[in-house]
Amino acid sequence: MLVSLKEVFEIANRKRIAIGAFNVSNSESGKAILNAAEAEKTPVILNYACVHAPYISIEDASQIMLYLANKATVPVCVHLDHGANFETCIQAIRLGFTSVMIDASSLSYEDNLKETMLVVRAAHSVGVTVEAELGHIFSSETGMGKPTKAIETAESFDNLNDVYTNPQVAKDFVERTHVDALAIAFGTSHGIYVKKPVLDLNRVAEVKKAIDIPLVMHGGSGLSKEEFQGAIRNGIRKINYYTYMTLAGGKAVKKAMDEHKSDDNIFFHDIPGFAIEAMEENIKNTLRIFNNEV
């Protein structure tokens, strides 16, 4: 069933769990996510990330995501991830997304405030929830056939207080913008971890003490069960997870192709199934961790 971010957060707060938010970059990933959510009988968030536009347009992704959400027996939120500007968020709302993220964290604080307030005003007027971001989340994006972005770790910055989310600044930001959720920076990284991250879980607790809205972890792939559940105990209620899910799918396809090297008759329609099965298993295991079931 299609729901808003607010509705899945009510479940997360009541059960003291985190809702998994998984990016849909094609119909196969969407199917794997919903198969896993249905199997685990747990709510889920379907993300569309603007960086995936080269693989699938937001228009096409919305059709897949909304179809899957409406036929699901578990609560499903359809969410725009890292919306770059007001116009993109409005486009997502018009397409039927029930939640949007405006990511103006690269702008000055005052400009982040202004852009976020514009989106909140428009989204709330039609019952759509809004997530924003405060602080800087590291990046270590790599991938076959794509240029590698600069790899960032804690050592990339002279003072982590300049990039991690400040609790008092977060309080001011939430009070002025009225966002429904806040993505915070406390040591996680987008992409494949090239070095073991050191998470500042105390900062999560401090931010949670300062503001009474759900907190979001970006760069969730690659952490241990203990790290995930420590963050959840300290107030994280939504975890974005994509890289290691899609990596599982890619590795499964590679393995299947290696095993059939001598077979000239390989049908393309069989190939996505290898990825779907592997991604589904990866997501199911991840959801159990987020639900504190393992």
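Bear in mind that the values in this text are calculations on the coordinates, not laboratory data. Because the structure is a prediction, the values reported are computed rather than measured. Here the Cβ is made from the backbone with ideal geometry for all residues, glycine too, and neighbour counts use every protein chain on show.
Structure notes:
- Gap separating the Cα centres of region 1-70 and region 202-255, nearest whole Å: 15 Å
- What the phi angles of region 8-18 give under the Karplus curve with 6.51, -1.76 and 1.60, with θ = phi - 60°, is a coupling list of 6, 5, 4, 5, 4, 5, 5, 8, 6, 10, 10 Hz, glycine and proline written as x.
- Packing rank of 28-37, 175-184, 260-269, where each peptide gets the mean count of other beta carbons within 10 Å, highest leading: 28-37, 175-184, 260-269
- A Förster distance of 35 Å, applied to the separation of the beta-carbon atoms of residue 266 and residue 293, puts the FRET efficiency at 0.40.
- Inter-label distance for residue 41 and residue 106, nm, one decimal - labels placed 7 Å from Cα along Cα-to-Cβ: 4.4 nm
- Taking the C-alpha atoms only, the angle from helix 109-124 to the longest principal axis of the chain is near 70 degrees.
- Under 11 Å, Cβ to Cβ, from residue 236 - net charge with Lys/Arg +1 and Asp/Glu -1: +4
- Highest-MSF residue in the chain out of 208, 251, 238 [GNM, Cα springs under 10 Å]: 251
- Its Cα centre serving as origin, the chain has a Cβ charge dipole (Lys and Arg +1, Asp and Glu -1) of approximately 700 debye.
- Links that overshoot a 31 Å alpha carbon limit, given the list 31/209; 114/284; 209/251; 6/251; 6/171; 15/255: 31/209; 114/284; 209/251; 6/251; 15/255
- Residues 169, 8, 3, 163 arranged by fewest to most Cβ contacts within 10 Å: 169, 163, 3, 8
- Per-residue packing, averaged as other Cβ atoms within 10 Å, sorts the ranges 274-285, 83-94 into the order 274-285, 83-94, beginning with the highest.
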